[in-house]
Amino acid sequence: MSHAASVHSLWTLAAAEAPKKIPAPHIEYAQLSPTLIVLGAAVLGVLVEAFLPRRARYHAQLLLTVVGLAAAFAAVVALAAGGYGSDKAHVAAMGAVAVDGPALFLQGIVLLVGLVAAFTFAERRLEPAANGRPVDSFAAQAATVPGGDAERKAVMAGLATTEVFPVMLFAVGGMLVFPAANDLLTLFVALEVFSLPLYVLCALARRQRLLSQESAVKYFLLGAFSSAFLLFGVALLYGYAGTVTYSGIAEVVGGTTRTVDPALAGTMGNDALLLIGGALVLMGLLFKVGAVPFHMWTPDVYQGAPTPVTGFMAAATKVAAFGALLRLLYVVLPGLRWDWRPVMWAVAIVTMLVGAIVAVTQTDVKRLLAYSSIAHAGFILAGVIATTPDGISSVLFYLGAYSFVTLGAFAVVTLVRDAGGEATHLTQWAGLGRRSPLVAAVFAVFLLAFAGIPLTSGFAGKFAVFKAAAQGGAAPLVIVGVLSSAIAAFFYIRVIVLMFFSEPRTEGPTVAVPSPLTSTAIAVGVAVTVLLGVAPQYFLDLAGQAGTFVR
Amino acid sequence: MENLIGLLVLVPLLGAGVLLCGGRRLDSSAPWIGTLLAALSFVIGAVLFAGMLGRDGEDRELGTTVFSWVPVGDFRADVGFQLDQLSMTFVLLITGVGSLIHLYSIGYMAHDERRRRFFGYLNLFLAAMLLLVVADNYLLLYVGWEGVGLASYLLIGFWQHKPSAATAAKKAFLVNRVGDVGLSIAIMLMFTTFGTFAFGPVLEGADRAGEGKLTAIGLVLLLAACGKSAQVPLQSWLGDAMEGPTPVSALIHAATMVTAGVYLITRSGAIFDGAPDAQTAVVTVGAVTLLFGAIVGCAKDDIKKALAGSTMSQIGYMILAAGLGPIGYAFAIMHLVTHGFFKAGLFLGAGSVMHGMNDEVDMRRYGGLRSYMPVTFVTFGLGYLAIIGFPGLSGFFSKDKIIEAAFAKGGTEGWILGGTALLGAAITAYYMTRVMILTFFGEKRWQPDAAGEPPHPHESPRTMTVPMIVLAFGSVFAGGLFSLNDAFLNWLEPVTGHAEGHSPVTAVQVTAATMVVLFVGVALAWAQYGRAPVPVTAPRGNVLVRAARRDLLQDDVNHIVLVRGGEHLTRSLVYLDHTVVDGVVNGTAASVGGLSGRMRRLQNGFARSYAVSMFGGAAVLVAATLLMRAV
């Protein structure tokens, strides 16, 4: 066909030629079932909001969420048992989604975290009942103006925002795809799918709504800003490789490329595009994990968001984002190891130090935990940088261990309350161990795990990542990591000292007695923390088996 | 048969557990439970002994490994037992004398409220001491070694309401720690040298190790022995340890525990044989302590402290003999056994006297007790004759042999050692005669006790006198029996070996010389205390007497050298800690805090400045990535 004819054929059809059929995409539904179940449950949840009477919604939503997440987790386990984590690992959905060990492992963690977080979302015994109805820690009616008449009426009526459950399910759905995304567009879509619900959730606190809304707006603005960088990076990488699939880009980077796309002849193979694009995509992911200097949203958002949301976000976002980061660095950019490793070294070091140092002077429990999460992001980065199979498995293990400690710690924070809601200022926690020894002891366990004291999961995780980093040739990183851990130990232990060795304040907060929901969440947190600390080997092995990416 | 060895240790250990954890219910039956279990372990020992006699000399050793205690890679530390003739001798001594002292304690401690605990501790001591002698490696021996240290601490301080007893217990514990460190270093050295610390490989491999290493191991072993056996320079705790109940002094500080050092050196004979310098150190320590203890014993008015000085001196004899090598090992052990009989008997006698005299211990306030306490007098007297080496009694045979062996060392060294041993025999005769006369002869110098109650001396109950009588039999006959056809020598020879020295003097000459010095010592004491009246308050005495009363200034020396030096060291370390260490730590903390406060201000709450920092961060990230490529 001549050139003219081909141009012509763009808008005309030769009568003789039958219209070409667009081939239907081949989708492996069974292998994508975890995501599909969760998103399906979310859609059902929206329908529940629309069609069920108000009274029935809470129980229906809770049931739907729990069943959906549990079913999705069962699907993950079934896939893993079916060998999709190891020898049957492959790329599904026309190259968009990977089904392999790391993806299944992280999806499993996200689902468990979501399940436990759903319990804390559903807690209705901490807030005093309104109009005879038990209410949770979410705004009565999110659309009302804080302090306005409408809000007062909604509170008086005992309304509740049961939409949080489907919203959370959407976020979980995005998080399931994020670490499995095998092309840059899927990555971006997944990012937005899980970010937008989180922005909404952050704005839904029942108390201190202005603070909550402020945090949501900040998170949204900065999140959008970073998404822009990421998207720009995606564009540049497309310009470099002529494709957005991970394996395609990796081939171009590795020099085993196919023919050059004539439309991109001017840019393909241009290393500047690759380096800038790679750095920008990295930046978008580093924002999500809360690495310095993209961390500044963390303390404000963690503090303002409803505490159950903070716990969920702190745990699950980190899991999903580190999963995506690992895949990007290990699948797309391994050929660029010598370019990104020094940069990531610097990011890891700064993240560990800044997180630990700034936490020292914090006076609010939630902000303290936020900075602690920044420091932990640094520790995990140390494992990411190892670029060895041990590095992958140690990061996987660390994420599992860390997310349950975080969930549990924030769940405890919801219990310590005074008349104004949660009492998060540290001075209010003085002497807690005298009045509520059990709660204080449980929180102490979580703090010790954060600090990485042996016999807690924190130690096993830290040991694994530092060992991997040292063997991967990043010994200086390990030294900085240990020093930061020492600094971090100071403020964790300080809280313990405050709880157990200070005189209780006369008008101090009380510890609310939670329903079995939050109790279960905390108990699971303690159990996992101790189990992974005392007998980590089984889970280390599990993470080790799950440590190979598919290409 | 092998399994019985473990039982030997377990029986008293079980007793300790039952008595210490049993609670008040056992208070009344505790003395009998403890005594029966001690006796049971003696029976087990006797059965083992009978079995051993039924086999030939070379086949007599029994060994068994119970379980692997510390298996780490190639490294293995086993819990294993070994029972040879040397261990067997100790087992019989420990369980035999131990059972008698348990029996004695039933009467002696009858009025003590905490006697359940007391018997628990006694059983614990027996278990630890038995473990020490039947262990088949140095590490397990160390467990027993520490165990007897613990039991000794608990028993010396048993009357903890008395500050002096608590202090004495602490002192004994601390001084013993010094020796224990020696033993632990010895074990580490053995491990680096031989790769194991089981007796068999270590002792068989000793001749292949260098002399330097053997000397080092020997010297630290000697340090350990000095601590446990109260030898100079670690002797200071023994006198104070007399604060414990008298049966304890008899069991631990006369008959058994203090002999652990002799056991250690004899057991490690192969190491010392290969290290002549270490052997010289051993005999020097033995000779010095022999005189030291004897001189201290002369000046003490406290009957138990006089006996404690005597114990130190007699163990000096044993250490001296053990340092002589194969010439002396068997005699060291033989003297150890006979000493176990007569010194335990003497201590029990002293306890009996105190029992009748309102717990008075000052011999200057005794006098003329022979008619009031006939059994005590006779048994104590037989012990006295034995210890001074009266012909025909136990001490005569064993001590005489040591003096002979000392001469047989040969050369100038032999003359010095032999002379010292002879001199020691003279002093022994002097101070023991002094004790005897002051206590049982002369006029009554009794004084009312603190409550104004005059003493009413009386014979002790049957449970106390029976053990004294049995021990007196041992004091009289043991030496003779052992020497019959060199029975004891032949018995031990498979373990310790034996060599005849080349003595410059004949055995007859030595015996004659011993008799002469014995007579001189007794006569001197008689002249001083028997003929002249004894003042109730001690005269001031000359410089030597005053020094001897203060234990030859041992505590003053320790105070000046160790306490003062230690205080200075501590003060300088504290200063260093405050200024340098704390300075660095606090400085770091302060600078981290300051940095934190400053960095915190960057977090100003404005989304715009957060965005700027993100933008800057992205720019740096991109620039750095590009720069990496450019470099």
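The values are calculated or read from the model by the stated rules, or taken from the named source; none is laboratory data. The shown structure was predicted, so the numbers you read here are calculated from the model rather than taken from an experiment. We place every Cβ from the backbone using ideal geometry, glycine too, and count neighbours over all the protein chains shown. In case anyone asks, the SASA skips ligands and DNA or RNA and just uses the protein heavy atoms, side chains included. Shrake-Rupley method; radii C 1.70, N 1.55, O 1.52, S 1.80 Å.
Please list the radius of gyration and Dmax for the stretch B:472-631, considering alpha-carbon atoms only, with Å as the unit.
Expressed in Å, the Cα Rg and Dmax of the stretch B:472-631 come to 41.6, 111.
Can you tell me, using C-alpha contacts under 8 Å and at least 6 residues apart, the relative contact order of the stretch A:86-220 as a whole percent?
Relative contact order, the stretch A:86-220: 23 percent.
Each residue of the stretch B:32-48 in turn: what ³J(HN,Hα) in whole Hz from Karplus with 6.51, -1.76, 1.60 and θ = phi - 60°, glycine and Pro shown as x?
Rounded to whole hertz, the list is 6, 4, x, 5, 5, 5, 4, 5, 4, 5, 5, 4, 4, x, 5, 4, 4.
Viscosity 1.002 mPa s, temperature 20 °C: Stokes-Einstein D of the stretch B:358-515 from its Kirkwood Cα radius, in µm² per second?
119
Computed over the Cα atoms of the protein assembly as shown, what is the convex hull's projected area averaged over all directions, in nm²?
63.8
Suppose every Lys and Arg Cβ carries +1 and every Asp and Glu Cβ carries -1, with no other charges. What dipole size does the stretch B:399-531 come out with about its Cα centre, to the nearest 20 debye?
Charge dipole, the stretch B:399-531, about its Cα centre: 340 debye, nearest 20.
Which GluC sites (Glu not before Pro) in the stretch B:57-119 sit in a loop by DSSP (not H, G, I, E or B) and have at most 10 other Cβ atoms within 10 Å of their own Cβ?
Loop-located and lightly packed - B:113.
Quick one: if you take sqrt(5λ) for each eigenvalue of the C-alpha gyration tensor of the stretch A:162-201, what semi-axes come out, biggest first, whole angstrom?
20, 9, 5
Go through A:32-38, B:552-558 and give me the packing order, highest mean Cβ count within 10 Å leading.
Ranking the peptides A:32-38, B:552-558 by packing returns A:32-38, B:552-558.
Give me the distance in nm between label points sitting 7 Å out from Cα along the Cα-to-Cβ direction at residue B:506 and residue B:412, one decimal.
Roughly 2.9 nm, to one decimal.
Across all directions of projection, what mean area in square nanometres is found for the Cα convex hull of the stretch B:337-395?
Mean projected area of the Cα convex hull: 4.1 nm².
Could you work out the equivalent-ellipsoid semi-axes for chain B, taking the square root of 5 times each eigenvalue of the Cα gyration tensor, largest first, in whole Å?
Sorted largest first and rounded, they come to 52, 31, 27 Å.
Quick one: Debye curve from the C-alpha atoms of the stretch A:335-411, no solvent, what's log10 I(q)/I(0) at q = 0.18, 0.21, 0.22, 0.24 Å⁻¹?
-0.77, -0.95, -1.00, -1.09
Please compute the Kirkwood hydrodynamic radius over the stretch B:4-154, one decimal place, Å, based on all pairs of different Cα atoms.
After inverting the pairwise mean of 1/r, the radius is 15.9 Å.
If you place +1 on the Cβ of every Lys and Arg, -1 on the Cβ of every Asp and Glu, and leave all else neutral, what size is the dipole of chain A about its Cα centre, to the nearest 20 Debye?
So the magnitude is around 860 debye.
Would you mind calculating the relative contact order of chain B from Cα pairs under 8 angstrom and at least 6 residues apart, reporting the percent as a whole number?
The value is 12 percent.
Give me the one-decimal Kirkwood hydrodynamic radius in Å for the stretch A:398-523, with the sum taken over alpha-carbon pairs.
Roughly 15.7 Å, rounded to one decimal.
For A:267-276, what's the mean count of beta carbons from other chains sitting within 10 Å of each residue's beta carbon?
Per residue, the average neighbour count from other chains is 2.
Dividing the convex hull volume of the Cα atoms of the stretch B:271-388 by its residue count, what figure in Å³ per residue is obtained?
So the per-residue hull volume is 92 Å³.
Just to check I understand the Karplus step: with θ = phi - 60° and J = 6.51 cos²θ - 1.76 cosθ + 1.60, what whole-Hz values come out for the stretch B:273-286, glycine and proline as x?
4, x, 9, x, 5, 5, 5, 4, 4, 5, 5, 4, 4, x
Excluding ligands, DNA and RNA, what is the accessible area buried between chains A and B, summed over both sides, using a 1.4 Å probe, to the nearest 100 Å²?
What A and B bury together is about 2700 Å².
So what is the calculated 222 nm ellipticity per residue for the protein assembly as shown, using -39500 (n - 2.57) for each DSSP H run with n of 4 or more, over all residues, to the nearest 500 deg cm²/dmol?
-22500 deg cm²/dmol
Got a sec? Charge dipole of the protein assembly as shown, +1 on Cβ for Lys and Arg, -1 for Asp and Glu; which of B:433, B:158, A:241 is way out at the positive end?
About the Cα centre, the residue reaching furthest to the positive side is A:241.
Where does helix B:329-356 land angle-wise versus the long Cα axis of chain B, in degrees 0 to 90, nearest 10?
It works out to around 80 degrees.
So what is the diffusion coefficient of the stretch B:84-239 in µm² per second by Stokes-Einstein at 37 °C and 0.692 mPa s, using a Kirkwood Rh over Cα pairs?
Value of D from the Cα-based Kirkwood radius: 193 µm²/s.
Can you tell me, using C-alpha contacts under 8 Å and at least 6 residues apart, the relative contact order of chain A as a whole percent?
Dividing the mean separation by the residue count of chain A yields 16 percent.
Per residue, how much accessible area does the stretch B:441-573 show when a 1.4 Å probe rolls over the protein heavy atoms, in square angstrom?
62
Express the Stokes-Einstein translational diffusion coefficient of the stretch B:182-324 in µm² s⁻¹, to the nearest whole number, given a Kirkwood radius over alpha-carbon pairs, 20 °C and a viscosity of 1.002 mPa s.
Estimated via Stokes-Einstein, D reaches 140 µm²/s.
Mind checking the stretch A:102-157 for trypsin sites (Lys or Arg not before Pro) that DSSP puts in a loop (not H, G, I, E or B) and that have at most 11 other Cβ atoms within 10 Å?
Those that pass, being in a loop and sparsely packed, number zero.
Across the stretch B:181-237, what fraction of all alpha-carbon pairs, as a whole percent, falls in each successive 10 Å bin from zero upward?
25, 49, 21, 5
Could you tell me how many cubic angstrom of Cα convex hull volume the stretch A:137-284 has per residue?
Looking at the stretch A:137-284, the number lands at 110 Å³ per residue.
Over the stretch A:251-351, what portion of Cα pair distances is larger than 16 Å, expressed as a whole percent?
It works out to 65 percent of all Cα pairs.
Counting only Cα, what are the radius of gyration and maximum Cα-Cα distance Dmax of the stretch A:145-227, in Å?
For the stretch A:145-227, the Cα-based Rg and Dmax read 15.4, 49 Å.
Evaluate the charge dipole of the stretch A:432-551 about its Cα centre and quote only its size in Debye, nearest 20, assuming +1 on the Cβ of each Lys and Arg and -1 on the Cβ of each Asp and Glu.
Here the size comes out at about 120 debye.
Once the convex hull of the alpha carbons of chain A is built, what does its volume come to per residue, in cubic angstrom?
In chain A, the Cα convex hull volume per residue is 163 Å³.
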